[in-house]
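Okay, so here's the structure we're looking at.
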Amino acid sequence: MPQSDDHTTVLIADDSELVRKTVSRIMSRLGYHPVTASGGIEAVSLLQSSSFDALLLDISMPEKGGIDVLRFVMENGYALPVIMISGSGDIGQVVQCLKMGAYDYLTKPVDAHRLQIVLKNAFSESALRRKVRLLSAAVDQSPVAVVITDNRGYIEYANPSFTAFRNALTGCRLQENIFDDDAQPENLSVKFRNAIVSGKVWQGDYCNHKRNGELSWEHAIISPVASQGESGSHILAFMQDITESRKNQEALLKSNRRFRELADLLPQPVFETDGKGFITYSNRAGFSTFGYSRKDMKRGIHALQFFAPEDKSRLMHGLRMKKTAGPLGTHEFTVFRRDGAGFPALVYTAPITGRKGSGGFRGIVVDITELKESERMLRENRKKYLDLFQAIPDAIIVADAESGVLVEWNRQGQFFFGYTPEEFSRLHIGDLYPEQLREEAVAYFKKACTGQAGTLETQIVTRQGIRIDVHISSAAFTTENFRCFVGIFRDITQQKRSDRLVSENIRMKNDFISTVSHELRTPLFSILGFTGTLLREQDELDRETRMEFISIIHDESKRLSALIEDVLMISRIDSGRVSYKKSELDPSITVSDVCRSLKIRADEKNIDLRLRVCAPMEHIFADQDSLKQVAINIIGNALKFTHSGGVVQVRLSCDAQSLLFSVEDNGPGIPAEDIEKIFEKFFRVERSGEAVDGTGLGLSIVKEIVADHDGTVEVKSIPNQSTVFLVRLPLLMKP
Ligand code: ADP
């Protein structure tokens, strides 16, 4: 309360202007703010409209005197000190005023010094009263029960909160009022009594019954107070009903217990940390998974020690940013057991709220080793499938069953059709076929998409416009998102060609058999005919005729034998059964031998058979008998077809890579239209005039043998002028 300042307003009520002025002047000098009223009525009206810190009130005023105003002040509970101003003869009224509640009085003429003292005292007492009022209001309104007892525990004061649930009989002892020993785990009334007697502060919680019989929990502080300089003369007790918070605490404990029981059932580690990151709780799975014990936890385990060093900054960032529950970061972490073994895990955390200060985190660690393993296997399987898909040598095309648009293809598919992946992805299944076959192919695609898979032989057209014979087998399958058609395209060009070759072969074989039979029949019939005649008519035939017949039979038999030899040779070559005994040899020796053996035949026909070997002669790698056969057949033909007096020129020479063996004659030659056919089996140029024996197999044998020695044979002929056969055989490579 201010002792004197401009805001301390004092109302001066006096009918004497002189007094009002004098007192006002003194007031102003003392630093108070004076307000004056010239009578009781004005004073009352001012009191009603404004607030004042003190009232100087003249006892004798006309109309409404000081006593009436004082009564008004007291009756209306104005908390301001009233100082009466009296004349010298008003002592009886002064006493009355003091009885009514006036604080003090001043006598006229007002002495400035006394006024100052009286006002000062009045203000400090008024401040004290206000404090007491405030304190008692606070105690009265406090929800905490407040009791004051004497030092033996007898209640001297109890506030309404106390009386609300206690009997609070003044004169009773505190412990008799408030304790219900039956509800106590131990005899607290004794403890309480001891606390009162000991003169020390005691506080504690206890269970008690309310006035209405309800069980309640209370918290009490009992402390001795010193009053009027006498220490321990009284006891002050505060008691608070903590039933509600106790219930909440119990509920919290219960839910905590429940949380822990549940957490213990979980196979995943569940943990809590304090604000600094130290583990404060772990469920059973947490201890068993990470290999720590409760003792270790008590000693201090920091959450960061479970993580790899490179993960720690990411983890800290995640925790700092984290305001809500959920997975920590988008990636998994590698977390480590006590023995150093790590495993991949997802860490879900939630900040712990409601704790004082930094609350820490609680969370759950989900081991994703198995998940990662199955992901890895899935990836591996997918790669295997893709590798397989790509490695399949047939072209595979996958199309959307709905739209027919191509969605996937393997490497061979891309290569086979010749499109780039971008081009492929814009194609419809029908675009793979030539226009004339498109309708049939699309109908096949639609049928296959309904599951009626079959096969189709058709043609596709590549990006370059090439048509290829294909065999398509197909299947339809459904994935999560779409249904598709899988077509496997197999190029059957080769197969078709081989089919054609097989039928051609069969036809040729049949031709061969009928030709051989025909060729065999002619000499055989001749032999049969002549031998039959000889047998039937041997007595009638003269010796000369018989000899002629026998000679014919001999010649035909030779022809038959040569024919059979050639046929056997051809069939051995064709069936691949001929076994060449290849070795290094000098071809000039072989060819010279052949020429020497044919010299008699040349001489018989008066043909000049010449051999010219050009040096240097290289060696070849060949089967000697086969080379001899080639030379006999070609030189033999030249001698056979060249007329008497002709020349057969045999030449052997070498170029960089080949042996050149040529036979030139100046016989009738080969007509241009037949030159292509002379290497075919049984082909013989039809000639009028003298019949020349032969089988038509000699040159085809030559061709096969030369081919089997990686060589070539060619012929050039000018009818009635010259015929040249040229055989090229590779030379033996010198190391
Ligand atoms: P052939 O047993 O008839 O000689 P070849 O296969 O050896 O059978 O020859 C086929 C045909 O080629 C012969 O019938 C012949 O008409 C023709 N020919 C081969 N060599 C000569 C040649 N030097 N001069 C003319 N015609 C030849």
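Being more than 18 Å from residue 594 (Cα to Cα), near the ligand (Cβ under 10 Å from one of its atoms) and over 60 Å from the mean Cα position of the chain (by Cα), is that true of even one residue in segment 648-666? Within segment 648-666 (the criterion being more than 18 Å from residue 594 (Cα to Cα), near the ligand (Cβ under 10 Å from one of its atoms) and over 60 Å from the mean Cα position of the chain (by Cα)), the answer is yes, since at least one residue qualifies.
Of the residues in segment 688-695, at least one is closer than 30 Å to residue 555 by Cβ, of a type in the set (D, E, K, R) and without any contact (Cβ under 8 Å) to a residue 40 or more places away in the chain. Pull up segment 77-104, narrow it to residues that are without any contact (Cβ under 8 Å) to a residue 40 or more places away in the chain and in a strand (DSSP E or B), then point me to the one that is surrounded by the fewest Cβ atoms within 10 Å (Cβ to Cβ). Filtering segment 77-104 for residues that are without any contact (Cβ under 8 Å) to a residue 40 or more places away in the chain and in a strand (DSSP E or B), the one surrounded by the fewest Cβ atoms within 10 Å (Cβ to Cβ) comes out as 104.
Is there a residue being out of contact with any strand residue (DSSP E or B) (no Cβ under 7 Å at 6 or more places or on another chain), loosely packed, with under 12 Cβ neighbours inside 10 Å and assigned to a strand (DSSP E or B) anywhere in segment 471-478? There is at least one residue in segment 471-478 that is out of contact with any strand residue (DSSP E or B) (no Cβ under 7 Å at 6 or more places or on another chain), loosely packed, with under 12 Cβ neighbours inside 10 Å and assigned to a strand (DSSP E or B). When segment 463-478 is filtered for residues that are of a type in the set (A, V, I, L, M) and either in contact with a Pro (Cβ under 6 Å, 6 or more places away or on another chain) or within 18 Å of residue 438 (Cβ to Cβ) (or both), the ones remaining, listed by number, are 466, 468, 470, 472.
In segment 281-320, the qualifying residues are those that are within 18 Å of residue 361 (Cβ to Cβ) and in contact with a helix residue (DSSP H, G or I) (Cβ under 6 Å, 6 or more places away or on another chain), and the one that is surrounded by the fewest Cβ atoms within 10 Å (Cβ to Cβ) is 312.
Tell me, which residue of segment 333-351 that is under 16 Å from residue 316 (Cα atoms) and of a type in the set (A, V, I, L, M, F, W, C) is surrounded by the fewest Cβ atoms within 10 Å (Cβ to Cβ)? So, considering only residues that are under 16 Å from residue 316 (Cα atoms) and of a type in the set (A, V, I, L, M, F, W, C), the one surrounded by the fewest Cβ atoms within 10 Å (Cβ to Cβ) is 350.
Within segment 667-691, being more than 7 Å from the ligand (Cβ to nearest atom) and in contact with a Lys or Arg (Cβ under 6 Å, 6 or more places away or on another chain) holds for one residue alone: 679. In segment 13-34, the residues that are at positive phi form Cβ pairs under 9 Å with partners that are surrounded by fewer than 16 Cβ atoms within 10 Å (Cβ to Cβ), at six or more places apart or across chains, as follows: 31/3; 31/5; 31/6. Quickly run through segment 698-724 and pick out the residues that are within 10 Å of the ligand (Cβ to nearest atom) and in a helix (DSSP H, G or I). Correct list: 698, 699, 700, 701, 702, 703. Annotation note: of 589, 607, 620, 634, the sole residue that is under 19 Å from residue 705 (Cα atoms), within 15 Å of the ligand (Cβ to nearest atom) and either in the same structural domain as residue 684 (by TED's automatic domain parsing) or among the hydrophobic types (A, V, I, L, M, F, W, C) (or both) is 634.
Table: residues versus (1) hydrophobic (A, V, I, L, M, F, W, C); (2) touching a helix residue (DSSP H, G or I) at 6+ places or on another chain (Cβ under 9 Å); (3) buried (at least 16 other Cβ atoms within 10 Å of the Cβ); (4) farther than 23 Å from residue 412 by Cα.
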{"position": "436", "(1), (2), (3), (4)": "no, no, no, yes"}
{"position": "441", "(1), (2), (3), (4)": "yes, yes, yes, no"}
{"position": "449", "(1), (2), (3), (4)": "yes, no, yes, no"}
{"position": "454", "(1), (2), (3), (4)": "no, yes, no, no"}
{"position": "458", "(1), (2), (3), (4)": "no, yes, yes, no"}
{"position": "461", "(1), (2), (3), (4)": "yes, yes, yes, no"}
{"position": "496", "(1), (2), (3), (4)": "no, no, no, no"}
{"position": "499", "(1), (2), (3), (4)": "no, no, no, yes"}
{"position": "505", "(1), (2), (3), (4)": "no, no, no, yes"}
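Being in contact (Cβ under 8 Å) with a residue 60 or more places away in the chain and either part of a helix (DSSP H, G or I) or farther than 15 Å from residue 15 by Cβ (or both) is a condition met by no residue of segment 64-75. Looking at segment 112-167, which of its residues are of a type in the set (Gly, Ala, Ser), outside any helix (DSSP H, G or I) and buried (at least 20 other Cβ atoms within 10 Å of the Cβ)? If the condition is that a residue be of a type in the set (Gly, Ala, Ser), outside any helix (DSSP H, G or I) and buried (at least 20 other Cβ atoms within 10 Å of the Cβ), then 145, 153, 158 are the ones that fit. Output yes when any residue across segment 456-463 is outside any helix (DSSP H, G or I), within 25 Å of residue 386 (Cα to Cα) and free of Cβ contacts under 8 Å to residues at least 12 places away in the same chain, and no when none is. No: zero hits.
Only residues that are surrounded by 14 or more Cβ atoms within 10 Å (Cβ to Cβ) and touching a Cys at 6+ places or on another chain (Cβ under 9 Å): list them for segment 382-403, please. 398, 399, 400, 401, listed by residue number.
For (1) modelled with pLDDT under 90; (2) surrounded by 12 or more Cβ atoms within 10 Å (Cβ to Cβ), each residue gets a yes or a no:
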| site | (1), (2) |
| --- | --- |
| 673 | no, no |
| 683 | yes, yes |
| 690 | yes, no |
| 703 | no, yes |
| 706 | no, yes |
| 730 | no, yes |
| 734 | yes, no |
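With the structure loaded, tell me whether residue 579 is of a type in the set (S, T, N, Q), out of contact with any strand residue (DSSP E or B) (no Cβ under 6 Å at 6 or more places or on another chain) and farther than 14 Å from residue 626 by Cα or whether it fails that test. So residue 579 fails the test. Taking the conditions exactly as written (touching a residue at least 40 places away in the same chain (Cβ under 8 Å), over 30 Å from residue 464 (Cβ atoms) and not in a loop (DSSP other than H, G, I, E, B)), does residue 366 satisfy them or not? Spelling it out, residue 366 is indeed touching a residue at least 40 places away in the same chain (Cβ under 8 Å), over 30 Å from residue 464 (Cβ atoms) and not in a loop (DSSP other than H, G, I, E, B).
The values are calculated or read from the model by the stated rules, or taken from the named source; none is laboratory data. A quick note: this is a predicted structure, and the numbers were derived from the prediction, not measured. Ideal geometry is used to build each Cβ from the backbone, glycine not excepted, and the neighbour counts take in all protein chains shown.
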